[in-house]
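Colleague: Here you go, one structure.
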Amino acid sequence: LGLLGYGSIARATAKLAAAFGMRIIALRRNVGGEAGEVVPEATYGYDDRAAFFGAADFIVCSLPATGETRHFVGAAAFEAMKESAVFISLGRGDVVDEAALVAALSRGRICGAALDVFEQEPLPAESPLWRCERLLLTAHNADLTSDYFEAGWATFVANAE
């Protein structure tokens with residue numbers, strides 16, 4: 001499992017994946033940063049991104065949206081991935097070059113993808129992502145649980161007080 005970014009979301013993902021015996025690798029800006037409970041088998045820096053993308057079977061992207069990460073996952077990243085790779089994006093939409101993803105999926109360059117975030121939300125009806133095969137789309141509310149609205153309201157009230 002390749003974790004693109006190694007903040008709190010990726011660390012929680014690593015903990016769950018490790019429980020299933022998955023090997024964990026990570027790509028992060030600060031290679032020597034704190035690892036959390038699960039130490040990746042290998043940690044790559046931004047300069048080694050092609051090696052990272054080529055080593056992972058599944059890639060979970062939780063990078064933040066910054067000037068440095070805009071379209072971080074583009075044509076070169078998809079070309080570096082294994083043809084059997086599955087790419088999952090759940091951080092920020094503008095980290096992924098959607099046109100490059102559409103091209104990679106259309107050509108069979110990667111096996112599949114799942115997106116919970118998009119460059120434009122909600123995803124426009126005319127987006128070519130809607131027509132991609134082997135692509136799972138969710139509405140940037142993957143955390144929707146039975147207590148979602150109650151918990152959200154309680155947080156709102158607590159912050160207002």
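The values are calculated or read from the model by the stated rules, or taken from the named source; none is laboratory data. Note that this is a predicted model, so its numbers are computed, not measured. Virtual Cβ from ideal backbone geometry, glycine too; neighbours counted across all protein chains shown. Surface accessibility is based on the protein's heavy atoms, side chains included, excluding ligands, DNA and RNA. Shrake-Rupley method; radii C 1.70, N 1.55, O 1.52, S 1.80 Å.
Colleague: In region 94-145, which trypsin sites (Lys or Arg not before Pro) are in a loop and have at most 14 other Cβ atoms within 10 Å, using DSSP for the loop call?
Modeller: Here the trypsin sites (Lys or Arg not before Pro) that fit, given the DSSP loop and packing criteria, are R107, R134.
Colleague: Leaving ligands, DNA and RNA out of it, work out the accessible area of Y46 with a 1.4 Å probe and give it in Å² to the nearest 10.
Modeller: 30 Å²
Colleague: Can you give me the distance in nm between label points at W130 and K15, each placed 7 Å from the Cα along the Cα-to-Cβ direction?
Modeller: For W130 paired with K15, the spin-label model returns 3.9 nm.
Colleague: Per q in 0.14, 0.25 Å⁻¹, report the Debye log10 I(q)/I(0) for region 22-107, using one uniform scatterer on each alpha carbon and no solvent.
Modeller: These q points yield log10 I(q)/I(0) values of -0.46, -1.47.
Colleague: Which one of D48, D57, D147 has the biggest mean-square fluctuation once the chain is modelled by GNM with Cα springs under 10 Å?
Modeller: D147
Colleague: Now a separate question. Quickly estimate the mean residue ellipticity at 222 nm for the chain, helices only: each DSSP H run with n ≥ 4 gives -39500 (n - 2.57), and the total goes over all residues, rounded to 500.
Modeller: Dividing the helical sum by the residues of the chain leaves -8500 deg cm²/dmol.
Colleague: For A139, put the label point 7 Å out on the Cα→Cβ axis and report which residues of region 108-128 keep their amide N under 12 Å from it.
Modeller: Correct set: 122-123.
Colleague: Can you pull the accessible area of E121 for me, 1.4 Å probe, Å² to the nearest 10?
Modeller: Answer for E121: close to 90 Å² accessible.
Colleague: Can you tell me, using C-alpha contacts under 8 Å and at least 6 residues apart, the relative contact order of the chain as a whole percent?
Modeller: On the way: 280 pairs, mean separation 27.0, N = 161.
It rounds to 17 percent for the chain.
Colleague: Can you work out the FRET efficiency for the pair A75 and A42, with r the C-beta to C-beta distance and R0 = 35 Å, to the nearest 0.05?
Modeller: With R0 = 35 Å, the Cβ-Cβ based efficiency is 0.90.
Colleague: Now a separate question. Can you pull out the trypsin sites (Lys or Arg not before Pro) in region 1-78 that DSSP calls coil and that have at most 16 other Cβ atoms within 10 Å?
Modeller: R23, R29, R70
Colleague: Using just the C-alpha positions of the chain as equal point scatterers, what log10 of I(q)/I(0) does the Debye formula give at each q in 0.10, 0.15, 0.16 1/Å?
Modeller: Debye curve over Cα of the chain, log10 I(q)/I(0) at q = 0.10, 0.15, 0.16 Å⁻¹: -0.39, -0.83, -0.93.
Colleague: Now, a different point. Taking 35 Å as R0, compute the FRET efficiency from the Cβ-Cβ separation of V31 and A160 and round it to 0.05.
Modeller: 0.30
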